[in-house]
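Presented below is the structure to which this report refers.
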Amino acid sequence: MLESLIHSNSQNILTSHSMLILQIQTEALKAIHDYLYEQNLIQLMPVMLSPITDPLSHETSDAKITYFGQELQLTKSMIFHKQLAIASSNTKGIYIMSPNIRLEKYDKRDSGRHLIEFSQVDIELREVNSLKFMELIEGLIISVINRVKEKCKIGLENLGVSLRIPARPFKIYSSEELKKKLGENFEKESSLREIDPFWITDYYREFYDKEDPKRPGHYLNYDLIYPEGFNEALSGGERDFEYKILLRKIKERHQNPEIFEFYLDEAKEGKLVASAGGGLGIERLVRFLTKIQHIRDVSPFSKVPGEHYQI
Ligand code: AMP
Ligand code: MG
């Protein structure tokens, strides 16, 4: 049993092949920092432990520790920290290179794009709408691809990869229209059909994503989807920040408002502000840039859901 759960990565650790991938990752990370710096965003350091973390819209097991009698969770995302930080200063926006732990269920093992430990560049912009955030991300993706094409010619050649510079603006579809056309598997199907990254909007998910006041039951949120079957790159949205709305949506999702007491108190006192943001998975970005089929092969110490790990 144990044997079958262990996937040996030892032969992967820093071979010449993995070095090619890591060089591409290094350039991608540099491009991200440079671009966000040019956009005047402020970088925060990651939070790894907190009494609250992202409730997510799919089931994972919690990773918890007890410290001095207080239960703390390992970060699933820094959504609440982002909202609180952006509200308390008048910065244009913030970002974090944020390591996340999500103990994903076994069914994610073969998705090719899930790990239990990954990093996202998690961004939040103050008082902007979806389109402004999407514009920022389109610029980010193009600047990453430009840099990797320029700096990693030999690496890309060795991996047999040629990267397209996507046309702007990226296409935008609503989840409703894609579902009608392509069925339940619309994300995967549309990803297979497109040649450039594109947006899908309006998903029902976590309570903090803004419900459209003009169209109740619709949401001002979005996913960026990679083409060629590489699927989801980023999820994000405009945020709800008013106490009454947040409370109603928490209850609608059968979650316990007491858990979010500190955050809800801030909202009650009118201390939260409008914002839009999202998180771009780093390992998934590198997977897309290198056209590697399984995310396991992107990083040397990767942890795929449902396995036992040697290191
Ligand atoms: P989310 O807001 O939950 O969609 O997470 C933000 C981004 O992080 C996603 O769009 C992915 O790029 C990445 N991500 C989320 N979960 C995982 C995972 N289990 N493994 C690798 N990357 C992930
Ligand atoms: Mg998502």
Considering segment 62-82 alone, what residues qualify as being more than 12 Å from ligand 1 (Cβ to nearest atom) and among the polar types (S, T, N, Q)? T66, Q70, Q73
Residue by residue through segment 144-182, note down the ones that are surrounded by 18 or more Cβ atoms within 10 Å (Cβ to Cβ) and within 18 Å of I32 (Cα to Cα). V144, I145, R147, V148, C152, P166
When residues of segment 230-253 are filtered for being more than 22 Å from the chain's Cα centre (by Cα) and assigned to a loop (DSSP other than H, G, I, E, B), how many remain? 1
With open to solvent by less than 50 Å² (accessible area, probe 1.4 Å), of a type in the set (D, E) and in contact (Cβ under 8 Å) with a residue 60 or more places away in the chain as the only criterion, which of E187, E124, E194 stands out? E124
Would it be correct to say that S89 is within 16 Å of ligand 2 (Cβ to nearest atom) and open to solvent by less than 70 Å² (accessible area, probe 1.4 Å)? no
Among (1) farther than 24 Å from R205 by Cβ; (2) open to solvent by less than 50 Å² (accessible area, probe 1.4 Å); (3) touching a residue at least 24 places away in the same chain (Cβ under 8 Å), the one test that A63 misses: (1)
Output the number of residues of segment 238-276 satisfying the condition of being open to solvent by less than 40 Å² (accessible area, probe 1.4 Å) and either closer than 14 Å to D54 by Cα or away from ligand 2 (no atom under 16 Å from the Cβ) (or both). 17
The condition of being closer than 30 Å to L131 by Cα, within 16 Å of ligand 1 (Cβ to nearest atom), in contact (Cβ under 8 Å) with a residue 40 or more places away in the chain and of a type in the set (F, W, Y) holds, among F288, F301, only for F288
Restricting attention to segment 162-171, which residues are out of contact with any helix residue (DSSP H, G or I) (no Cβ under 6 Å at 6 or more places or on another chain) and either touching a residue at least 40 places away in the same chain (Cβ under 8 Å) or of a type outside the set (A, V, I, L, M) (or both)? S162, R164, P166, P169, K171
Kindly evaluate L156 against the criterion of being part of a helix (DSSP H, G or I), hydrophobic (A, V, I, L, M, F, W, C) and without any contact (Cβ under 8 Å) to a residue 40 or more places away in the chain. no
A careful count of residues in segment 254-302 that are within 21 Å of the chain's Cα centre (by Cα) and more than 30 Å from E157 (Cβ to Cβ) gives 6
Before we move on, is R168 assigned to a loop (DSSP other than H, G, I, E, B), charged (D, E, K, R) and within 16 Å of ligand 2 (Cβ to nearest atom)? no
Filtering segment 199-229 down to residues that are away from ligand 2 (no atom under 14 Å from the Cβ), under 19 Å from F288 (Cα atoms) and either open to solvent by 10 Å² or more (accessible area, probe 1.4 Å) or under 14 Å from the mean Cα position of the chain (by Cα) (or both) yields E228, G229
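The values are calculated or read from the model by the stated rules, or taken from the named source; none is laboratory data. Being a predicted model, the structure only gives us computed values, none of them experimental. Neighbour counts run over all protein chains shown; Cβ positions are idealised from the backbone, glycine included. Accessible surface is based on the protein model in full, side chains and every heavy atom, while ligands, DNA and RNA are left aside. Shrake-Rupley method; radii C 1.70, N 1.55, O 1.52, S 1.80 Å.
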